[in-house]
Amino acid sequence: MKRIYMDIKNSNAIFERYWLRFLLLFVGLDLFNQFLVIPIFRWVTTYILQAGAIPFISYQNVLTILTTHTLVAIALIVELVLLVLIIYLQFAFMLVAIKKINSSFKLILKNTWQAIRHIRAASLLLLLVYFILIVPFADIVFRTPLLAKIQIPEFILDYMTRNIWLSLILIVFYVIVFILGIRWIYTLPLMIFNKMKTRQAIKQSWQKTRHGNWWQVLSTLLVIGLMAAVFLFICFLIVYGMQLLWDLLPNIFAMGFANFNLFLVQLVSLVVSVWSSVVGLLFVLKNVDVEVTLQSRRTSKAVIVWSSIIFTLSAVSAVVNNQFYLNGQTLKHPATISHRGVNNKNGVQNTIAALKKTAKLHPTFVEIDLHETKDNQFVVMHDENLLKLAGINKMPKDLTLKQLTKITISEDGHKAKIASFDQYLKAAKKLNQRLLIEIKTTPRDSKMMLERFNKKYGALVLKRKYQVQSLDYSVIERLHQINPKIYTLYIQPYNFTYPQSVADGYSMEYSTLNNDFIWQAHIKGDSVYAWTVNESSIMRKMMFEGVNGIITDDLSTLKKTIHEFEDEHSYASRVLNYILVLPQPYSSER
């Protein structure tokens, strides 16, 4: 423990000496990514897809792109290679800049170029794997926004944790990632400063972390993270307590202090984030015998000027945004959408009995699922097999509508009959409840399924202002051709890139949904629904981000959260919400 204390103490002394340069370094890199790198890659990806007449990238069409759009596939692979190189360049620049923190920008760039010019094409795949594996530790050390999307979507984790074997596979996967991540943590510094090849650097990093040395690395990083968290907690508690006192003053003074406190929260978050990154990286550099160059020279005028410009612009932007937030002008009231028509396990999903209970809470929409039956009718059901809910190893397509509606299904201690779409529509009309209809597809569906759907229900969908969504883009595309007036949403389980589609909006799995996607959607006039959000804290985050709707299994909590969210008139409550919900200033998701 004494060694950890000394390592952190020595690194902290360096940070205190050059804190302004470190802040400029990290904020500058973040702004460079936000306003240059990410927009350029977004534009290039969009251009490539449009040139190939491909509306989006998804796991559904990756194979099609590879086999039928060769030039597009090659262009996207080249773009991926360039992305890996830029990630490597940024890590290299960061490490070189920290090592030579008091050197000129020109010298740092020169040294960075010398570090990256030795990279070989054969190393790119290993580098990509390396970057993915260090993500679990990057929140403590340094996380580039270009890596922010590397994560397993929450719905996949939820699905896997419901099965013991899949849970074991997931645990083994995380253990392997953890071991490789901590054992390979010195790879990049060894490549940059010792000019090692990737394989050689990985092997050397493995050797450096053997015989329990890995625990020294992990414990130090954990202590750094814990120190940062405790310091932030204390600071935020003081800020919140101060605002409680300021709220006793007249409104104009209370708001002024609230704006100041929000800015203080942002500033402290920024400094602590940079501090933990610098101290963590200095520790890593020390363990690969890289000595930080500390020249006794005064801070140059250029550093002071650029720092003043960047920090002034950031401060003005923060104050203006804080004012909008405190006035409630940035808060969005999302549509409340009951997932599969239930609320906190109050019935069997997609059944009329559950609908009647859920409709009492007056959700904006009740989301349901449709499957085509053997006789080409429509039944309200989510699963492709009846085994889970009915104990019958049959698909909806194996049975007629009459056979299906005689079956009793069970879930969460409730029982109910399977409903036909006509029966469900009749009940929804009686309850004056709008529906969000998800059309499920299978390879056995009839070719004219969507034409029959539109002929029988299209006018009713428009009249009652229902909406239609699907995970299958061909459904969205075909419905748009048949009846462009129907409001359609394309469901996306992962946020790869913003689609160029005919959909009117998107249902996005919440864990990969970010402000950038929502911002693009709103510019284009598209809606964004987040699914499936069941925790109050995430509901608040989605509201702050500006989603148009939230799909949830727990409608009661969502309604309560929205009510509390809108009813919090005190500035102290809004300051607390900001602290608890929004990502911190040094982040790619703001």
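The values are calculated or read from the model by the stated rules, or taken from the named source; none is laboratory data. As the structure is a prediction and not an experimental result, all values here were calculated from the model. When we count neighbours, we look across all protein chains shown, and the Cβ atoms used for this are built from the backbone with ideal geometry, even at glycine.
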Problem - Top-ranked residue of the stretch 450-502 - restricted to ones that are of a type in the set (D, E, K, R) and in a helix (DSSP H, G or I), ranked as surrounded by the fewest Cβ atoms within 10 Å (Cβ to Cβ) - result: Lys463
Practice task
Tell me, please, whether a residue that is assigned to a loop (DSSP other than H, G, I, E, B), at positive phi and of a type outside the set (Ser, Thr, Tyr) can be found in the stretch 427-441.
Solution key: yes
Problem - Only listed residue being at pLDDT 90 or above and surrounded by fewer than 18 Cβ atoms within 10 Å (Cβ to Cβ), chosen from Ala229, Ala258, Ala302, Ala315 - result: Ala229
Problem - Test result for Asp553, among the acidic types (Asp, Glu), modelled with pLDDT of 90 or more and in contact with a Phe, Trp or Tyr (Cβ under 6 Å, 6 or more places away or on another chain) - result: no
Completion exercise
The residue that is nearest to Leu281 (Cα to Cα), considering only those in the stretch 99-136 that are of a type outside the set (S, T, N, Q), at pLDDT 80 or above and in contact with a helix residue (DSSP H, G or I) (Cβ under 8 Å, 6 or more places away or on another chain), is Lys99
Practice task
Tell me the helices (runs of 4 or more DSSP H) entirely within the stretch 511-575 that contain at least 3 residues that are under 20 Å from the mean Cα position of the chain (by Cα) and surrounded by fewer than 20 Cβ atoms within 10 Å (Cβ to Cβ).
Solution key: 515-524, 536-545
Practice task
Can you give me the ranges of the helices (runs of 4 or more DSSP H) entirely in the stretch 1-109 with at least 1 residues that are within 28 Å of Ser307 (Cα to Cα)?
Solution key: 2-17, 19-32, 38-51, 70-99
Practice task
Please name all residue pairs, on different chains or six or more residues apart, with Cβ atoms under 7 Å, provided the first residue is in the stretch 553-564 and is touching a residue at least 12 places away in the same chain (Cβ under 8 Å) and the second residue is among the hydrophobic types (A, V, I, L, M, F, W, C) and in a helix (DSSP H, G or I).
Solution key: Leu555/Leu361; Ser556/Leu361; Leu558/Met539; Lys559/Leu361; Thr561/Met539
Practice task
State whether the residues of the stretch 144-159 include one that is crowded, with 17+ Cβ neighbours inside 10 Å, modelled with pLDDT of 75 or more and not in a helix (DSSP H, G or I).
Solution key: no
Exercise for the section: Give me a count of the residues in the stretch 28-72 that are farther than 23 Å from Ile491 by Cα and surrounded by fewer than 13 Cβ atoms within 10 Å (Cβ to Cβ). Expected result: 9
Completion exercise
Residues of the stretch 447-466 being within 16 Å of Arg478 (Cβ to Cβ) and among the basic types (Lys, Arg), in sequence order, are Lys447, Arg452, Lys455, Lys456
